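Here's the structure, in structure tokens; my notes come after.
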Amino acid sequence: MSLPPSALFRLTDDLSICRILNGMWQVSGAHGAIEPGPAVDEMFAYHDAGFTTWDLADHYGPAEDFIGNFRRLFAARRDPGLYQVGAASGPDDAASRRGGGRSLA
């Protein structure tokens with residue numbers, strides 16, 4: 001399955017995101033134990049289907065660990081230059097007030 005071009009939203013000339021975010025709140029632990037290996041493998045299936053934007057926060061428990069593992073495996077298995085990471089900042093953040101709030105790794 002592949003998403004249509006309308007599934008992407010252009011943030012800047014060189015950065016587009018998927019309009020449908022993969023919410024990582026499910027791995028917070030509030031919904032039961034998550035096996036990290038199979039979960040990260042499923043993240044590849046979502047990515048391959050075109051769902052390439054992830055919503056995570058530190059209060060989502062180990063979500064940042066999962067995305068970190070995914071990024072490391074992505075770099076090892078595929079072209080590391082194809083992966084962008086954006087960090088949206090909250091409204092009280094100085095970077096947001098400047099119109100920034102985006103970081104790429």
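The values are calculated or read from the model by the stated rules, or taken from the named source; none is laboratory data. Given the structure is predicted, the values throughout are model-derived calculations rather than measurements. Glycine also receives a Cβ, built like all others from the backbone with ideal geometry; neighbour counts cover every protein chain displayed.
Where residues in region 24-39 are among the small types (Gly, Ala, Ser) and surrounded by fewer than 13 Cβ atoms within 10 Å (Cβ to Cβ), which of them is modelled with the highest pLDDT? Only one residue fits best here, namely 37.
Rundown of residues vs (1) of a type outside the set (D, E, K, R); (2) in a helix (DSSP H, G or I); (3) modelled with pLDDT of 85 or more, yes/no style:
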residue: 3; (1), (2), (3): yes, no, yes
residue: 42; (1), (2), (3): no, yes, yes
residue: 47; (1), (2), (3): yes, yes, yes
residue: 66; (1), (2), (3): yes, yes, yes
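Of the residues contained in region 91-102, one or more are found to be at pLDDT below 85, more than 24 Å from residue 2 (Cβ to Cβ), assigned to a helix (DSSP H, G or I) and of a type in the set (A, V, I, L, M). Number of residues in region 49-64 that are at pLDDT 85 or above and under 11 Å from the mean Cα position of the chain (by Cα): the value is 7. Do we have any residue at all in region 76-85 that's modelled with pLDDT of 90 or more, of a type outside the set (D, E, K, R) and at negative phi? No; the residues of region 76-85 include none that is modelled with pLDDT of 90 or more, of a type outside the set (D, E, K, R) and at negative phi.
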